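Working notes, beginning with the structure itself.
The values are calculated or read from the model by the stated rules, or taken from the named source; none is laboratory data. This is a predicted model, so every value here is computed, not measured. Positions of Cβ are generated from backbone atoms using ideal geometry, with glycine treated the same way; all protein chains shown enter the neighbour counts. Accessible surface is based on the protein model in full, side chains and every heavy atom, while ligands, DNA and RNA are left aside. Shrake-Rupley method; radii C 1.70, N 1.55, O 1.52, S 1.80 Å.
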Amino acid sequence: MGFYLVPALVALRNEVNARFSHRDKSSDGWIGDASHAARKSSHNPDWAHGGAVRAIDVDIDDNDPAAELRLLVVEAARHDRRVWYVISNGVIYSRTFGFAPRKYTGSNGHFKHVHVSVVENPAKWTDTTRWLNSEPAWMWNPDVVSDLALVQEQFQIAAGVKKGDRKRFHGVATIQNALNVKHLPKGQKLVVDGWAGRATVSAWRDFEAKAGGTGRETTPDPVSLKNLQILRRFRGEGLP
Ligand SMILES: [Zn+2]
């Protein structure tokens, strides 16, 4: 029988694939297996509507140190008119509860992937409007080693200590990503764009304070980068 993934979710999957072209897809999914079929799940085909499957699982191993796929998809889906609920890391965000985060107690907490279910209204299933932020993605280039001096300069400019050109550096995105993963709670994640903006500098100071610093440091240094376990990404600063 012909079951199919609704076009809205095909569009989401295509966007994720385009943006994370090297991602691991082993935990991807959409059509329910036998264990799904035995229970109520939006991974099962809706035979009243020609076999439509209204849910997708997106593997979150993106192999991209400059962005976080899970965060990107969750944030996009939580604010999308097509979505009924999102499950990620044992947390469910449901339209029924205004997309507020709640503990998910179902059988699969979706720790290796993000689950997105669309609403029951078939009119929304064919809506293939862009899902992810349309800002051009800041692309990580693994061949470029970050220069700590340039990164420090950008932080100094952002903090008003120094004048100069605002440029994007790989190292800033590395720091943003590390702060997102290791420090910031959900809802306060930085956009990983390579800019040392106000939010980035503020998150950095906060991180420094918690790591035993004064909370006034505006410039990443080798010691604090070591605390963040990202020192190895920077050139010429006492690499271990
Ligand atoms: Zn799922």
Practice problem: Return the only residue of GLY50, GLY2, GLY29 being surrounded by 14 or more Cβ atoms within 10 Å (Cβ to Cβ) and of a type outside the set (D, E, K, R). | Solution: GLY29
Quiz item: Among the residues of region 16-30, which ones are more than 16 Å from the ligand (Cβ to nearest atom) and under 21 Å from THR128 (Cα atoms)?
Solution: ASN17, ALA18, ARG19, PHE20, SER21
Self-check item: In region 200-240, the residues that are at pLDDT below 70, touching a strand residue (DSSP E or B) at 6+ places or on another chain (Cβ under 9 Å) and open to solvent by less than 50 Å² (accessible area, probe 1.4 Å)
Solution: none
Practice problem: Any chance you could count how many residues in region 100-110 are away from the ligand (no atom under 11 Å from the Cβ) and surrounded by fewer than 12 Cβ atoms within 10 Å (Cβ to Cβ)? | Solution: 3
Self-check item: Lone qualifier among ALA8, ALA55, ALA34 - being open to solvent by less than 30 Å² (accessible area, probe 1.4 Å) and away from the ligand (no atom under 14 Å from the Cβ)
Solution: ALA8
Quiz item: Yes or no: SER26 without any contact (Cβ under 8 Å) to a residue 24 or more places away in the chain and out of contact with any helix residue (DSSP H, G or I) (no Cβ under 7 Å at 6 or more places or on another chain)?
Solution: no
